[in-house]
Amino acid sequence: MKNCAAVIEAAEKVLLEDQIHSSFALIRPPGHHASSESFGSYCLLNTVAITAHHSIMTHKKKVLIMDWDVHHGDGTQAIVESFSEDEFLKEQCRFVSIHRHDDGFWPKSGRVEDGEDAILNIPLKGISFGDADYVHLFEELVIPWAKNFEADLIIVSAGYDCARNDPIGRFDVTANGFSILTDMLQSMSPCIFVLEGGYDIGSSGNYKFPHQPLAQGVCATVSSMLRSAADSTIEIGNDAINPAKTLPFDWQSNIKQETKDVVTRVKQLPKFLKGVA
């Protein structure tokens, strides 16, 4: 229960104190596979969904949940879809997930066509998707959909198993990539980052891989948060921000065809077209 209370407190700080733009809840266990009816994997309580509900009902705020964990947040999707039973709640929350979706890759959910109007799933088939792919997905899908929703608060299910050298996700997002994604989200709304997956801490503790992708990802996100707090060019509603400026000049040549195909498929969805109209 303490981890859930910590995330709610983080939301309270961001929503009620003008000087705090973003916060990071460094908690375990993760939560995005837990639904309102059952646990899932390591997840006991869905801290992100609980905090979203609290922020909506207590403070009347619109909340966007962004899940970049390599696994689909099936529990979060189920809870957000249950909000449709309430006339007020169903208009106040949206969920978007970028995740790996191979045959057999757990939890085997989160297809493009899955979910109600409040759900945007962006599944990637294969491995090695990196910074260029994620920035492209943000620019083409996440940012337009999120901006039109005009959330008062973005809660990020920040899983770092999509990081380079993570042996489970086998994606290729670098520390620089996480910094860019953090900047892009912070340019739209106040944010809360909540640790989800990512379990390879490197060479300490006799772990097999020495690269420490979890620590690098978390540090990149926090560093971006601290920089934005001191940098007047990174602020809410600043359309002039160009997060991709730290990528190689030819970064678009690194976008995989699978990524481009997913963008095309998602843009054809009636709920996406409605969400950006």
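The values are calculated or read from the model by the stated rules, or taken from the named source; none is laboratory data. Fair warning: this is a prediction, and the values are worked out from it, not measured in the lab. Here the Cβ positions follow ideal geometry from the backbone for every residue, glycine too, while neighbour counts run over all protein chains shown. Accessible surface areas use protein heavy atoms only, side chains included; no ligands, DNA or RNA. Shrake-Rupley method; radii C 1.70, N 1.55, O 1.52, S 1.80 Å.
Within segment 155-165, the set of residues being part of a loop (DSSP other than H, G, I, E, B), under 14 Å from the mean Cα position of the chain (by Cα) and not charged (D, E, K, R) comprises 159, 160, 162.
When 202, 198 are screened for being crowded, with 16+ Cβ neighbours inside 10 Å, modelled with pLDDT of 75 or more and at positive phi, only 198 passes. Pairs are defined by a Cβ separation below 6 Å, a sequence spacing of at least 6 or placement on different chains, a first member in segment 249-277 that is within 20 Å of residue 147 (Cα to Cα), and a second member that is open to solvent by 50 Å² or more (accessible area, probe 1.4 Å); the pairs so defined are 263/140; 271/117; 275/148; 276/148. Within segment 67-74, one or more residues are modelled with pLDDT of 90 or more and part of a helix (DSSP H, G or I). Screening the candidates 118, 151, 158 for the property of being under 22 Å from residue 21 (Cβ atoms), touching a helix residue (DSSP H, G or I) at 6+ places or on another chain (Cβ under 7 Å) and of a type in the set (Gly, Ala, Ser) yields one hit, 158. Within segment 26-72, the set of residues being at positive phi and touching a residue at least 40 places away in the same chain (Cβ under 8 Å) comprises 41 only. Of the residues in segment 78-101, at least one is closer than 25 Å to residue 147 by Cβ, part of a loop (DSSP other than H, G, I, E, B), among the hydrophobic types (A, V, I, L, M, F, W, C) and out of contact with any helix residue (DSSP H, G or I) (no Cβ under 6 Å at 6 or more places or on another chain).
Exactly one residue out of 168, 180, 143 is assigned to a helix (DSSP H, G or I), open to solvent by 20 Å² or more (accessible area, probe 1.4 Å) and within 25 Å of residue 47 (Cα to Cα), and it is 143. Filtering segment 111-131 down to residues that are of a type in the set (A, V, I, L, M, F, W, C) and open to solvent by 10 Å² or more (accessible area, probe 1.4 Å), which residue is nearest to the chain's Cα centre (by Cα)? By that ranking, first place goes to 118.
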